[in-house]
Amino acid sequence: MQHFLSVKDAIDVQALVKEALLYKKTPYADKHIGKNRTMGLLFFNSSLRTRLSTQRAAQNLGLELIVMNVGQDGWGLEFEDGAIMDGNKAEHIREAAPVVGQYCDIVGIRSFPGLLDREEDYSENVLNQFVKHTGRPIVSLESATRHPLQSLTDLITIEELKTKPRPKVVLSWAPHVKALPQAVPNSFAEWMNAADVDFVITHPEGYELAPEFAGNAKVTHNQEEAFKDADFIYAKNWSSYNEYGKILSQDPSWKITTEKMALTDNAKFMHCLPVRRNVVVDDAVLDSPNSVVIQQAGNRVWAAQVVLKQILLKII
Ligand code: CP
């Protein structure tokens with residue numbers, strides 16, 4: 001694996017999941033593979049799970065770590081070629097990225113979309129410029145349009161909890177108070193379309209994901225219909241793709257409730273976290289035995305560990 005930016009970088013998705021579950025049993029099996037190597041984690045945006053789980057995964061492989069909140073502590077970065085830098089951006093990506101590459105053997109980047117300009121966000125300019133200029137393998141820690149470490153984690157969690165060979169997995173839009181990126185649902189859809197699951201997406205009208213992400217999923221605006229016989233409910237809010245970045249609905253009737261979970265085949269409740277209680281999902285669902293959000297978050301370590309191992313095997 002050269003970079004980890006999307007499902008396309010996983011040559012064999014099932015093999016990756018299997019290996020991650022092996023790491024869960026034997027976290028230190030490859031304790032020395034990262035010896036004398038350093039990973040840099042650069043955050044343009046906040047994080048709890050991605051930051052800590054990737055650090056833990058790197059430590060399990062013997063990697064040294066450098067972590068920086070570039071959004072807060074770094075120089076303002078210019079990404080435009082040919083820019084006359086007489087404004088408030090002090091450093092160009094053409095210097096910043098290769099400098100980071102001098103200190104780190106692998107670099108993780110978290111950079112959220114602005115949600116103002118769809119073309120700009122979906123061009124993945126920030127991530128692609130790091131890929132182009134760093135000269136090191138790049139791991140997406142969530143970009144403008146995808147969150148592949150989260151999606152690999154989600155697939156690992158489904159694989160370890162499924163009770164039938166081809167479970168029904170439902171991605172359900174849920175209300176929120178803020179306009180959120182499409183990165184998590186896009187990425188989840190991309191990975192579910194690559195997995196052996198019966199995949200359904202349910203959302204209010206106007207919340208269609210970009211066709212390249214929705215892929216072959218069944219899409220319905222009837223949430224209750226979607227929940228029938230489901231084995232996994234994956235709740236997430238996202239803002240509109242077509243009316244880019246807009247909140248078109250905050251309809252509380254889309255919140256995940258015990259009554260809706262009762263329509264499923266005893267489904268597990270999943271969410272990438274953080275989650276706003278009693279806005280996205282009721283306390284009673286999150287606190288029920290069917291909620292697997294903590295186990296899911298725990299699996300972030302094994303997803304990151306298997307990805308870092310694949311990258312290390314390429315560079316050592
Ligand atoms: N799910 C997730 O990526 O969590 P953080 O934003 O806290 O990293």
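Read-outs: derived from the displayed coordinates by stated rules, not from any lab. All figures in this text were calculated on a predicted structure; none of them were measured in a lab. In this analysis, Cβ positions are derived from the backbone assuming ideal geometry, glycine residues included, and neighbour counts consider all displayed protein chains.
In nm, to one decimal, how far is the Lys18 label point from the Gln2 one, both placed 7 Å along Cα→Cβ?
2.6
Considering only DSSP states other than H, G, I, E and B, which chymotrypsin sites (Phe, Trp or Tyr not before Pro) in segment 16-79 qualify as loop sites with at most 11 other Cβ atoms within 10 Å? Can you show the working numbers first?
Numbers: sites: Tyr23, Tyr28, Phe43, Phe44, Trp75, Phe79; in loops: Tyr28, Phe44, Trp75, Phe79.
Hits after loop and neighbour filter: Tyr28.
So what's segment 72-200 giving for Cα Rg divided by 2.2 N^0.38 Å, two decimals? Spell out each step's value before the answer.
Values: Rg = 18.0 Å, N = 129, 2.2 N^0.38 = 13.9 Å.
Compactness ratio reported: 1.29.
On a full-extension model of 0.36 nm per residue, what is the gain between Glu80 and Tyr28, subtracting their alpha-carbon distance, rounded to one decimal in nm? Don't skip to the end; give the middle numbers.
Values: separation 52, 0.36 × 52 = 18.72 nm, distance 4.25 nm.
Length difference between fully extended and current span is 14.5 nm.
Just check segment 15-135 against the gyration tensor rule for me: Cα atoms, a ≥ b ≥ c as the square roots of the eigenvalues, rounded for a/c under 1.5, and otherwise prolate or oblate depending on whether a/b exceeds b/c.
It is prolate, given that a/c is not under 1.5 and a/b is the larger ratio.
Local charge sum around Leu61 (other residues, Cβ-Cβ under 11 Å, Lys/Arg +1, Asp/Glu -1)?
Numbers: positive: Lys31, Lys35, Arg37, Arg56, Lys309; negative: Asp30, Glu64.
That works out to +3.
Among all the aspartates and glutamates, which ones have a C-alpha under 19 Å from Lys164's C-alpha, if same-chain residues fewer than 8 places away are not counted?
Hits, sequence-local ones excluded: Asp154, Asp196, Asp198, Asp229, Asp231, Asp265.
Looking at the square roots a ≥ b ≥ c of the eigenvalues of the Cα gyration tensor of segment 179-234, which shape do they give, rounded for a/c under 1.5, prolate if a/b is larger than b/c, or oblate? Show your work: numbers first, answer last.
Working: a/c = 1.66, a/b = 1.11, b/c = 1.50.
Oblate, because a/c is 1.5 or more while a/b does not exceed b/c.
If you take the beta carbon distance between Ser288 and Glu95 as r and set R0 to 45 Å, what does 1/(1 + (r/R0)^6) give as a FRET efficiency, to the nearest 0.05? List each step's numbers first, then the result.
Values: r = 51 Å, r/R0 = 1.14.
Efficiency for this residue pair is about 0.30.
For Glu119 and Lys162 in the same chain, what is the full-extension length gain: residue separation times 0.36 nm, less their Cα-Cα distance, in nm?
Numbers: separation 43, 0.36 × 43 = 15.48 nm, distance 3.76 nm.
Taking Glu119 through Lys162 to full extension adds about 11.7 nm, to one decimal.
Measure up Lys18/Lys255; Lys178/Lys255; Lys246/Lys268 against 22 Å on the Cα-Cα distance and list the ones that go over. If you can, show how the numbers build up before the last one.
On the way: Lys18/Lys255 33 Å; Lys178/Lys255 15 Å; Lys246/Lys268 30 Å.
Over 22 Å apart, Cα to Cα: Lys18/Lys255; Lys246/Lys268.
If the elastic network links every pair of Cα atoms under 10 Å, which of Leu65, Leu115, Leu248 fluctuates the most in the Gaussian network model of the chain?
Leu248
Which whole-angstrom value gives the distance between the alpha carbon centres of segment 217-257 and segment 114-182?
Using only Cα atoms, the two centres lie 17 Å from each other.
Can you give me the long-range amide H partners of Ala230? Hydrogens built in the peptide plane at 1.01 Å from N, cutoff under 5 Å, separation of 5 or more residues or another chain.
Asp265
For Asn69 and Glu243, compute 0.36 nm times the residue count separating them, minus their Cα-Cα distance, and round to one decimal in nm.
Details: separation 174, 0.36 × 174 = 62.64 nm, distance 3.09 nm.
Contour length minus the Cα-Cα distance gives 59.6 nm.
List the aspartates and glutamates whose Cα lies under 18 Å from the Cα of Lys35, skipping any in the same chain that are fewer than 8 positions away.
Those aspartates and glutamates meeting the cut-off are Glu64, Asp105.
Compute the Cα gyration tensor for the chain, then decide on rounded, prolate or oblate, letting a ≥ b ≥ c be the square roots of its eigenvalues: rounded whenever a/c is under 1.5, prolate when a/b is larger than b/c in the other cases, and oblate in all that remain. If you can, show how the numbers build up before the last one.
Details: a/c = 2.07, a/b = 1.32, b/c = 1.56.
Oblate.
I'd like to know how segment 184-316 sits against the 2.2 N^0.38 Å rule of thumb: what's its Cα Rg over that expected value?
Numbers: Rg = 16.1 Å, N = 133, 2.2 N^0.38 = 14.1 Å.
Expressed relative to 2.2 N^0.38 Å, the Cα Rg reads 1.14.
Setting aside same-chain residues fewer than 8 positions from Lys8, which aspartates and glutamates have a Cα under 12 Å from its Cα?
Hits, sequence-local ones excluded: Glu190.
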